[in-house]
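A quick write-up on the structure given underneath.
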Amino acid sequence: MSKKSPFKNYLEILSESAKILNLSSSILEKLQEPQNIHQYEIEISNGKKFNAYRVQFNNARGPYKGGIRFHPEADIQEVKALAALMAIKCAVVNIPLGGGKGGIQCNPKELNADEIQEISRAWVQKMAPFIGPRQDIPAPDVYTTPQIMGYMLDEYEKIKGKSLSGVITGKPLELGGSLGRGTATAQGGVYILLDYIARIGKNPEDLTVAIQGFGNAGYHAANILHSHGFKIVAVSDSKGALYSKNGLDPQLVHSKKLEKGSLKNIYCEGEVCDSEKLMSDGVKVITNEELLECECDILIPAALDGVITDENAENIKASIILELANGPLTPEADDIFEKNNVIVIPDVLANAGGVTVSYFELVQNIQNFYWKEEEVQSRLKEIMLGAFSDILNFSTQKKITLRKSAFVLAVERIVKAMELRGRI
Ligand code: GLU
């Protein structure tokens, strides 16, 4: 069986890292469980009830940091795994933050705008004692937006009776958000990808890209890569995927998706598709699973976890995988790619641009002084490429994958901070 719990996947790579670092079992144990779990049931005015979580994994390197997702699968196991990955991610890019994650188990597609606002405020009412600019700083994640961060900020400041904009990042610009935060997850990954292909002597014009997921990470990645000259051959959303060997224009596809409601609806009504239009645009409607296995050089999973397993890894044709989603590959898939010489740029590095610009947002909020977009971009690029270079060198030296290399460097930093605090 291939699909394991994402938390088990974390424990597996953690223990491999501990072995490489020769950590004692008592130290390993401290890294296996979160420091705090806050779990409540929230209820909104129409009587609907939801599970709400905040997992605070580790704060040895700084306040807990990480997003909140609204998703039917956001249960405690998933949120715990994502919180652990945040602690690793912040250590990978060496920003002074720990790791946490939150969630509300709900289907936001079945909730109206008022209900979304109510659950956002209800989450803050429960979590307000545990979050704060120097305590724990949430942010957007799957199906949460700058608008939701705005509601949460407002609720928190109402409870505390003062302005504390650094309590949450990924806010709208008007409420103290940072320039560059919206595109940061994708942009950080693109900086690394451009650096990597230059190292192997390739040009964007010669490379095709398939992207699973057309949300914040996937859509911006498609757009930025397209502007660099990569050919975007496939994109998808939760309803299905579009493939074109001649390449798609992400902006055009995005505006049509907004008009029709989904990518598939651009060409189909229900299961009936307009074959003439498909033919004249040179497009095929495929499934999300088919997208992963399509003909391309670079595959970017930018949606949910656990989508690439030992059941489909052998069929994947890409030679480079850039993980913009959190946890899209199982450890078994990782082993298959290692054996097949497929390069995997791991989530804890590839998508760390988001939290890095969140850190810049926090710094700007604390100083109440805002940076120009160029300053955000040049600092983001420096951090991403610095981290990539360290991870690449360590992986070459130790003959281990980029994921193991990133984990070992991050675990070493977390353990050092715990030691210096006398926690271990
Ligand atoms: N949700 C994003 C992530 O998984 C961003 C977290 C943040 O900005 O704190 O990295």
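Readers should treat all values here as calculations from the given coordinates under stated rules, not as data from a laboratory. This one's a predicted model, so the numbers in the text were calculated from it and none came from an experiment. Every residue, glycine among them, receives a Cβ derived from its backbone with ideal geometry; neighbour counts consider all protein chains shown.
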What are the aspartates and glutamates whose alpha-carbon lies under 17 Å from the alpha-carbon of Lys109, with same-chain residues fewer than 8 places away excluded? Glu73, Glu118, Asp141, Asp237, Glu259
Please state the charge dipole magnitude for the range 335-424, taken about the Cα centre, from unit charges on C-beta atoms (+1 on K and R, -1 on D and E), reported in debye and rounded to the nearest 20. 400
Given Cβ charges of +1 for Lys and Arg and -1 for Asp and Glu, the option among Ser24, Ala91, Ala318 whose Cα lies farthest towards the positive end of the dipole of the chain is Ser24
Select from Val376, Ile104, Ile119 the residue farthest towards the positive end of the dipole of the chain; place +1 on Cβ of Lys and Arg, -1 on Cβ of Asp and Glu, and compute about the Cα centre. Val376
Between beta-carbons, use under 14 Å as the cut-off and find the net charge around Ile414, counting Lys and Arg +1, Asp and Glu -1. +4
Please get the size of the charge dipole for the range 266-345, origin at its Cα centre, with Cβ charges of +1 on Lys and Arg and -1 on Asp and Glu, quoted in debye to the nearest 20. 260
Run down the aspartates and glutamates and flag those whose C-alpha is under 20 Å from the C-alpha of Lys162, throwing out any fewer than 8 positions away in its chain. Asp136, Asp154, Glu174, Glu361
Could you check which residue among Val272, Val209, Val285 shows the biggest mean-square fluctuation in a GNM of the chain with a 10 Å Cα cutoff? Val272
For the range 340-424, what does the alpha-carbon gyration tensor say about shape, rounded, prolate or oblate, given a ≥ b ≥ c as the root eigenvalues, a/c under 1.5 as rounded, and a/b over b/c as prolate? oblate
Dipole of the chain, Cα-centred, from +1 at each Lys and Arg C-beta and -1 at each Asp and Glu C-beta, to the nearest 20 debye? 1420
By DSSP, what percent of the beta bridges with both residues in the chain are antiparallel, rounded to the nearest 5? 55
Need the list of lysines near Lys160 for cross-linking: C-alpha distance under 28 angstrom, and skip anything on the same chain fewer than eight residues off. Lys48, Lys49, Lys65, Lys80, Lys101, Lys126, Lys171
In whole Å, what is the distance between the alpha-carbon centres of the range 269-296 and the range 226-260? 11
Rounded, prolate or oblate for the range 216-334? Axes are the square roots of the Cα gyration tensor eigenvalues, ordered a ≥ b ≥ c, and the cut-off for rounded is a/c under 1.5. prolate
Checking Ser26, Ser17, Ser395 against a Gaussian network model of the chain (alpha-carbon springs below 10 Å), the top fluctuating residue turns out to be Ser26
Using alpha-carbon positions, the gyration tensor of the range 111-249 gives root eigenvalues a ≥ b ≥ c; with a/c under 1.5 called rounded, otherwise prolate if a/b exceeds b/c, else oblate, the class is prolate
Looking at the range 329-392, which trypsin sites (Lys or Arg not before Pro) are DSSP coil and have at most 16 other C-beta atoms within 10 Å of their C-beta? Lys372
Starting from the Cα of Gln397, move 7 Å in the Cα-to-Cβ direction to define the label point; list residues of the range 20-42 whose amide nitrogen is under 14 Å from there. 21
Length gained if Ser319 through Ser238 is fully extended, taking 0.36 nm per residue and subtracting the Cα-Cα distance, is 26.7 nm
Rg/Rh (Cα only; Kirkwood hydrodynamic radius) as it applies to the chain: 0.96
Of Gly132, Gly176, Gly201, the most mobile residue in a GNM of the chain (C-alpha springs, cutoff 10 Å) is Gly201
Given the range 279-424, what count of lysine pairs have C-alpha atoms under 15 Å apart, with each pair 8 or more places apart or on different chains? 4
Okay, helix-only estimate at 222 nm for the chain: each DSSP H run of n ≥ 4 adds -39500 (n - 2.57), divide by all residues, round to 500 deg cm²/dmol; what do you get? -14500 deg cm²/dmol
Any cysteines in the chain with zero other Cys Cβ atoms under 4.7 Å from their Cβ? List them, or say none. Cys90, Cys106, Cys294, Cys296
Surrounding charge for Ala387, neighbours by C-beta under 12 angstrom, Lys/Arg +1, Asp/Glu -1, total 0
